[in-house]
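The values are calculated or read from the model by the stated rules, or taken from the named source; none is laboratory data. As the structure is a prediction and not an experimental result, all values here were calculated from the model. Neighbour counts run over all protein chains shown; Cβ positions are idealised from the backbone, glycine included. Just the protein is used for accessible areas: all its heavy atoms, side chains included, with ligands, DNA and RNA removed. Shrake-Rupley method; radii C 1.70, N 1.55, O 1.52, S 1.80 Å.
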Amino acid sequence: MAETMSELSGDAREQRIAELKAKMQAAAARAKANQEATGSPAGESVSEPAAAAEPAPVAEAVAESAPAADASARPAVAPAKPAPRPAGNGATAPRPAPAAARPAPKAAEKADSGAPTVSEMNRREFMIYAWGAALGLLTLEVGVLSYLFMYPRFRAGEFGGQFFVPESTVPASDSPPDGNPVGKFWMVSNEEGEPKALYMVCTHLGCLYKWEPSAFRFECPCHGSKFTKDGYFIEGPAPRSLDYFEVSVEGETIIVDTGRRITGDPATESPARIIEA
Ligand code: FES
């Protein structure tokens with residue numbers, strides 16, 4: 001077993017130091033030559049035997065040249081660069097690649113190819129689907145609200161909904177009309193005895209016309225338009241006969257749907273029209 005530096009003395013110690021210096025210089029020369037041959041930094045070489053073998057003499061020289069009393073300070077140097085163990089055939093084992101030299105899988109792939117990775121593609125697709133679902137839901141809500149706004153639902157007994165009128169209360173054709181202020185219609189019977197619900201609003205500019213018993217007809221107080229008890233235009237600035245609501249008969253009940261208004265015929269087509277000479 002070789003003697004340590006601390007066990008040598010005199011010329012033997014000097015000779016040992018000289019040998020170690022020669023080893024260090026030779027190892028440095030080999031490392032430099034290897035670096036120049038490969039063109040890569042010495043720290044990135046993974047399996048180069050020369051570079052891997054370089055730390056051996058250095059660690060050995062440092063360990064042997066230090067006095068025995070300084071043994072406690074060795075761990076500060078030796079753990080930093082552990083000498084690679086020789087393989088069975090005398091060759092040094094490849095030094096593990098430094099962490100900085102290992103390729104970062106995803107970042108490196110993206111940087112090299114420029115294409116998104118699988119995980120990024122999934123995240124992007126998820127965002128697209130999420131935005132699409134949110135947009136679809138918003139569109140559906142807007143559509144439903146628009147439909148309800150344009151076609152509001154009304155309950156029976158309020159204007160816009162249905163009114164159930166007993167057939168026995170409908171005036172006869174030769175009787176005055178029966179007004180329904182809540183439903184905004186006049187209930188009458190035409191010449192054929194059929195029920196009819198006249199909308200209470202004048203077809204000229206929207207005034208509420210009145211029943212004039214003395215003339216047995218409707219007259220508008222605003223501009224003087226006149227209509228028969230059946231709602232036909234007689235005279236005045238109104239452009240058409242009175243509007244009316246859709247009615248249906250179920251048994252002995254007349255159903256007036258104030259949500260379905262039917263426009264009156266043009267004044268020129270009214271059979272009761274008075275043509276001024
Ligand atoms: Fe009725 Fe003008 S609003 S005639």
Within the stretch 218-235, of all residues that are within 6 Å of the ligand (Cβ to nearest atom) and open to solvent by 40 Å² or more (accessible area, probe 1.4 Å), the one nearest to Arg273 (Cα to Cα) is His223
Taking the stretch 174-213 and the residues there that are within 16 Å of the ligand (Cβ to nearest atom) and closer than 15 Å to Gln162 by Cα, the one that is least open to solvent (accessible area, probe 1.4 Å) would be Leu198
Flagged in the stretch 168-178 as in contact (Cβ under 8 Å) with a residue 12 or more places away in the chain and under 18 Å from Asp257 (Cβ atoms), in numbering order, are Thr169, Val170
When every residue in the stretch 236-245 that is closer than 20 Å to Gly259 by Cα and open to solvent by less than 40 Å² (accessible area, probe 1.4 Å) is compared, the one farthest from the ligand (Cβ to nearest atom) is Phe245
Taking the stretch 257-277 and keeping residues open to solvent by 50 Å² or more (accessible area, probe 1.4 Å), hydrophobic (A, V, I, L, M, F, W, C) and part of a loop (DSSP other than H, G, I, E, B) leaves Ile274, Ile275, Ala277
Surrounded by 10 or more Cβ atoms within 10 Å (Cβ to Cβ) and touching a residue at least 40 places away in the same chain (Cβ under 8 Å): does that describe Thr139? no
Regarding Ser248, is this residue within 16 Å of the ligand (Cβ to nearest atom), more than 12 Å from Ser270 (Cα to Cα) and hydroxyl-bearing (Ser, Thr, Tyr)? no
Exactly one of Ala130, Ala107 is open to solvent by 50 Å² or more (accessible area, probe 1.4 Å), in a helix (DSSP H, G or I) and at pLDDT below 95, and that residue is Ala107
